[in-house]
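A quick write-up on the structure given underneath.
Every read-out reported here was derived from the displayed coordinates using simple, explicitly stated rules and does not represent laboratory data. Note that the structure is a prediction, hence the values are computed from the model and not measured. Cβ coordinates were reconstructed from backbone atoms using ideal geometry, including for glycine residues, and neighbour counts include every protein chain displayed.
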Amino acid sequence: MWMDTKAEEKEASRSRASLGQRVLNGLLFFTGDMEHLNKYMQDKVFGLLLAVWGLRGVSRVILANNPLSGALILAALCWASPWQALLGTLGVLTSTLAAVIMGQDGAEVSGGLHGFNGMLVSMLMGVFSSAGDWYWWLLLPACLGSATCVFLFSGLAPLLDRWDLPVAVFPFNIVIVLYLLCTGPYNPYFPHHPATHAGPMEINATELMAVEVLRGIPLGVGQIFACGALGPSLLILGAVLLYSPLLAAHALLGSAVGTLAGLSMAVRHESLYSGLSGFNGALGCMAVGGLFFTFNWRTHLYAIASAFLSAYADIALSNLLGTVGLPACSWAATMIATLMLLLTGSLSTYRIPMGQVMSPEHNLRSRKQWKAGKTAEGESTNV
Amino acid sequence: MWMDTKAEEKEASRSRASLGQRVLNGLLFFTGDMEHLNKYMQDKVFGLLLAVWGLRGVSRVILANNPLSGALILAALCWASPWQALLGTLGVLTSTLAAVIMGQDGAEVSGGLHGFNGMLVSMLMGVFSSAGDWYWWLLLPACLGSATCVFLFSGLAPLLDRWDLPVAVFPFNIVIVLYLLCTGPYNPYFPHHPATHAGPMEINATELMAVEVLRGIPLGVGQIFACGALGPSLLILGAVLLYSPLLAAHALLGSAVGTLAGLSMAVRHESLYSGLSGFNGALGCMAVGGLFFTFNWRTHLYAIASAFLSAYADIALSNLLGTVGLPACSWAATMIATLMLLLTGSLSTYRIPMGQVMSPEHNLRSRKQWKAGKTAEGESTNV
Amino acid sequence: MWMDTKAEEKEASRSRASLGQRVLNGLLFFTGDMEHLNKYMQDKVFGLLLAVWGLRGVSRVILANNPLSGALILAALCWASPWQALLGTLGVLTSTLAAVIMGQDGAEVSGGLHGFNGMLVSMLMGVFSSAGDWYWWLLLPACLGSATCVFLFSGLAPLLDRWDLPVAVFPFNIVIVLYLLCTGPYNPYFPHHPATHAGPMEINATELMAVEVLRGIPLGVGQIFACGALGPSLLILGAVLLYSPLLAAHALLGSAVGTLAGLSMAVRHESLYSGLSGFNGALGCMAVGGLFFTFNWRTHLYAIASAFLSAYADIALSNLLGTVGLPACSWAATMIATLMLLLTGSLSTYRIPMGQVMSPEHNLRSRKQWKAGKTAEGESTNV
């Protein structure tokens, strides 16, 4: 009886699907990409919109896309250093505003894509500055540098689009290197610390402490935001966990791989303790393990390979750039992730097109639903 | 009565248009791109053709395309240093001839596109040579370097064409850097001065002289041809004025912006006085303000931004390359101009396709005519 | 009478052609690309297949594609240094296996395209290592470095494919530079010699010996495999001769051109004697003269130009990279060959599409047959 007309059946299945969808939405309200938020936001005042775009931008630094994660990260940065948090907030707002003024694509702006580079530039200017905290003149290059990121993002996008590649943090890496080169260590207005080699230029005199090395693994996640304190780093990890547990697991795994790579190359102990050895590995691991590729055991192995490659490339680049007093930033992870996205062969079959990249869990689910839908369809056609 | 047939009206408007066109052509005979010259040149001897192609090439260095401007610039260079003028002439002729021999596209050759890189390479070899003027052996690398520019121009064109980008002075920048690296400072045959840092590596001991800084602004235009004397620099500015007043205004503006950027970064005073701080800004400003984009207040603002970015990038690159004794040449302006051409958003709507780039005034006029034609058409269809 | 039916005539000509083909095949059984081998190999065990793929990979280093050449080269390397030959064999097998595991394109793997970069990386690690021969720990980075080449090959291919360019030895150059940077000269596990400048940083105190310089020319061919002994270098040259006499002639010519370029720039005498000045020239000359372009007197001239450009660019790059203790490897030849493939104008008309590149003799023959076929066709249609 319940099967007497096809239309009825279809409607029923639709209502069941929509019920399941609703329950799922309820559970996942604060996790994942929070796409539903965009609908509620349509007629809000500009200030509120900008805040949400900015918070998305903050979370984008660590490959997440969730305003709540962004808020948690900002809280962690505030805990670690209020001056850094101020610089970061200024950077993300300046570059988002610059993108609005320069007429960039609305979807990109509201997705926070124009915020994260500016935030990193602004924060790293503060980290490398040797003028101390609350040196207000620094706000000037911070604003200009953040705005410059929009130029680079917008200019690199058509180049990388040809291969469906993301711009990622290339703008940040370019701008911060140019800023440090431009000012130089002895600039009278904007002095900064020269970067030190990560490599074993001087032999490590002290014994290696295993506890400190293990402590460096979660710190590696915090170092993505140039944060070297344990508490805030764990809070940042929590923010990633809120967005996607898979991504958080890969962040820790990548940081551990990076630390291992650092040990195998006998880098300076301070690099291991502070988590600086781990953060490129973490970024490289996160990008491949779930975000840009559907998660499975194969992509998981590739993610580990990506973490190793990122970590070794980071050691190499920091040795090279260290000869002219420059930091390697996240050049290594950015380039290795780009390389992984270009790979042909077995990995490319799991690649998610750039326009459909969402949280790893969402990617997995949509693939399962799609498969299930296909099976159900097959069965119904058999009837 | 004068409107009784549509055909009559159309003919009348056509004749009026052609009359206006003729008057305009008369006025603009020696200014702008002098396209009409190409028609008169069709059956001339090869020597004359080569001279015109070469003069166009000379003017191309400063983004103009006018044989008379080229002749004026050559005169200015001769005034500043006959040896430099000889090297420049040799460079532009060698690379143009090499392009003919290598079977490059005829329109490119006759437009002077294969001359300007060779000219710059040849002249800069003379500038950096520490063997003094009239060192005849230098003609050998000057010829070879100029011919190499054709290889690089021809090879980079297919790469950059994908994004409708010009090859610009990339070949010059690559060849001169390779030449300086190849010979090194202590070469027994071709010794050269090592480049000095632009950055504040040593603290400026002397007071800054405002008059000298102001004098550096027109010198910045001359420095595009590595010319550091005021008179010839003003003559070069005059040559640009002949091609396009808008371009000349942007050259001065960009040089001023570059000087300002230099002041803000406390570069060496000699850089400011000699105009070396200004010339990248001038090039960056000229490229965006009118040449590759239709001139209006928006592109004007972008041109100022481009000048600032070029100037800061130049300081950064000269600090970087200075560590290995290399000059930054015009890398900064070339890369920033390329970036501006790639920008998406509001700037890209004013972009002129590479094949239609002519003098800024011509671009403005053709856009106005096109708009006027559209309006008139709209009115006539209303009738 | 023998011409009474058209069908009969056609069949006869076909059988004559196939007879000629068979004789030709017989003559050329062990020379050229040995494509026929692929048919006999279809059902063989994996170990044998891997060996042939590996031998093809070995010969690919010197732009050949012939398993017998590969075997000869391996013998030469074994003669020069068994440890180097072991490292090379390990490298070529590891990277070929890695490519199989990573699901790379089967035709690429069986053509040896995934082997040569790994081989070079592995061998050069041994050359630069300061831990002496038979330092077994080196096998670890050798394996990892070789496998990394597959990542880079697979990732660079889609980028370069847009312009129908080969990946060539870019992966090798990138991986070896990163490895040397990563370990640094004082690494406790993997120490290595810093590279010395090729340029005239210190004035040559000794007299130049002409015999030694001439001896450097064949050594330049051996230096493509980092082999500095005369006997093995001649054997390697013999292996190229087996593949293609034209290629071997261009290898010697290019090495001579490179030595000439080195003399003109007054490089260190050791560079000339050891053949290090010649090998980039040899590679640049081989790529243009016959391999990627149909051989004729024009491409021959371009090949000489390519050899000169490669040699000068190598001197420049080794001076640049020498400042941070890095070798220039074959960056110069790889980039100049890529540039030549991008050239527009007269050279591009002789370019062979990347998918049809075979031995120079085969390229010449197929073009002649095609021309002859066209003439015959024209005559038959006249009848």
Taking a label point 7 Å from Cα toward Cβ, how far is A:P245 from its twins in the other copies, in nm, shortest first?
7.2, 7.2
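What does the structure give for B:315-322 when I average, per residue, the other chain Cβ atoms found within 10 Å of the residue Cβ?
Values: counts 5, 9, 3, 2, 8, 7, 1, 2.
Across B:315-322, the average partner-chain Cβ count within 10 Å equals 5.
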Identity and axial distance of the chain B residue whose Cβ lies nearest the axis relating B to A, Å:
B:R162, 4
Taking only Cα atoms, what is the 0 to 90° angle, nearest 10, from helix B:210-222's long axis to the longest principal axis of chain B?
60 degrees
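Taking the mean number of other Cβ atoms within 10 Å as a proxy for protection, how do you rank A:133-141, A:250-258, C:360-368, B:52-60 from highest to lowest?
Values: A:133-141: 14.2, A:250-258: 28.2, C:360-368: 17.2, B:52-60: 26.1.
Output ranking for A:133-141, A:250-258, C:360-368, B:52-60: A:250-258, B:52-60, C:360-368, A:133-141.
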Return the equivalent ellipsoid semi-axes of the protein assembly as shown as a descending list in whole Å, where each equals the square root of 5 times an eigenvalue of the C-alpha gyration tensor.
44, 44, 37
Using alpha carbons only, how many degrees (0 to 90, rounded to 10) separate the axis of helix A:360-382 from the longest principal axis of chain A?
20 degrees
From Cα pairs below 8 angstrom and at least 6 apart in sequence, can you work out the relative contact order of chain C, rounded to a whole percent?
15 percent
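Packing-wise, with mean Cβ within 10 Å as the measure, how do B:72-84, C:144-156, B:309-321 rank, highest first? If you can, show how the numbers build up before the last one.
On the way: B:72-84: 20.2, C:144-156: 25.2, B:309-321: 27.2.
So the order, starting with the most tightly packed, is B:309-321, C:144-156, B:72-84.
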Among B:Y40, B:S59, B:M335, whose Cα projects farthest towards the positive end of the dipole of chain B, with charges put on the beta-carbon of Lys, Arg (+1) and Asp, Glu (-1)?
B:Y40
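If you take each beta carbon of peptide A:156-163 and count the beta carbons of other chains within 10 angstrom, what is the mean?
Values: counts 2, 4, 9, 6, 0, 1, 5, 4.
Mean shielding by partner chains, rounded to a whole number: 4.
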Leading residue at positive end of dipole, the range A:109-249 (Cβ point charges), from A:L246, A:P141, A:I224
A:P141
Taking a ≥ b ≥ c as the square roots of the Cα gyration tensor eigenvalues, with a/c under 1.5 meaning rounded and otherwise prolate when a/b beats b/c, else oblate, which class fits the range B:233-308?
oblate
Calculate the length of the line joining the C-alpha centroid of the range C:243-309 to that of the range A:240-270, in whole Å.
47 Å
Given the C-alpha atoms of the range C:196-372, compute the convex hull and give its volume per residue in Å³.
114 Å³
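Where the only charges are on Cβ atoms (+1 Lys, Arg; -1 Asp, Glu), what is the dipole of the range B:196-372 about its Cα centre, to the nearest 20 debye?
Working: 8 positive and 6 negative charges, 177 e Å.
Dipole about the Cα centre, nearest 20: 860 debye.
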Within chain B, count lysine pairs with alpha carbon atoms under 22 angstrom apart where the residues are 8 or more positions apart or belong to different chains.
5
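Taking the Cα centre of chain B as origin and charging only Cβ (+1 Lys, Arg; -1 Asp, Glu), how large is the dipole, in debye to the nearest 20? Can you show the working numbers first?
Values: 19 positive and 20 negative charges, 115 e Å.
Rounded to the nearest 20 debye, it is 560 debye.
Please get the size of the charge dipole for the protein assembly as shown, origin at its Cα centre, with Cβ charges of +1 on Lys and Arg and -1 on Asp and Glu, quoted in debye to the nearest 20.
Numbers: 57 positive and 60 negative charges, 311 e Å.
In total the dipole reaches around 1500 debye.
Take A:T94, B:T349 and order them by how many other Cβ atoms sit within 10 Å, fewest up front.
Working: A:T94 25, B:T349 12.
Going from sparsest to densest Cβ surroundings: B:T349, A:T94.
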Label-point gap, in nm, between A:K44 and A:Y186 - each point 7 angstrom along Cα→Cβ:
5.1 nm
Position B:A131, label points 7 Å along Cα→Cβ, spacing to each other copy in nm (shortest first, one decimal)
4.8, 4.8
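Quick check: convex hull over the Cα atoms of chain B, volume per residue in Å³, rounded to an integer? Write out the running numbers ahead of the final one.
Numbers: hull volume 61.3 nm³, N = 383.
Roughly 160 Å³ of hull volume per residue.
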Label model pair B:E212, B:W163: point-to-point distance (7 angstrom along the Cα→beta-carbon line) in nm is 4.0 nm
Tell me the distances, shortest first, between C:K44 and the same position across the other copies, using label points 7 Å along Cα→Cβ, in nm to one decimal.
6.7, 6.7
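Taking beta carbons within 10 Å but only from partner chains, what does the mean come to for residues A:103-112? Show your work: numbers first, answer last.
Values: counts 8, 4, 2, 0, 0, 2, 0, 0, 0, 0.
Mean shielding count: 2.
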Cα lying deepest toward the dipole's positive end in the range A:44-194, options A:L124, A:V177, A:S154, charges on Cβ:
A:L124
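What FRET efficiency would be calculated for the residue pair C:Y135, B:W136, taking the C-beta separation as r and a Förster radius of 60 Å, to the nearest 0.05?
Details: r = 54 Å, r/R0 = 0.90.
So, using R0 = 60 Å, E works out to roughly 0.65.
Taking the number of other C-beta atoms within 10 Å as the exposure measure, put B:F46, B:F170, A:F279, C:F225 in order starting with the fewest.
On the way: B:F46 8, B:F170 22, A:F279 32, C:F225 27.
So the residues, fewest neighbours to most, are B:F46, B:F170, C:F225, A:F279.
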Given the C-alpha centroids of the range C:99-178 and the range A:87-115, what is the distance between them in whole angstrom?
41 Å
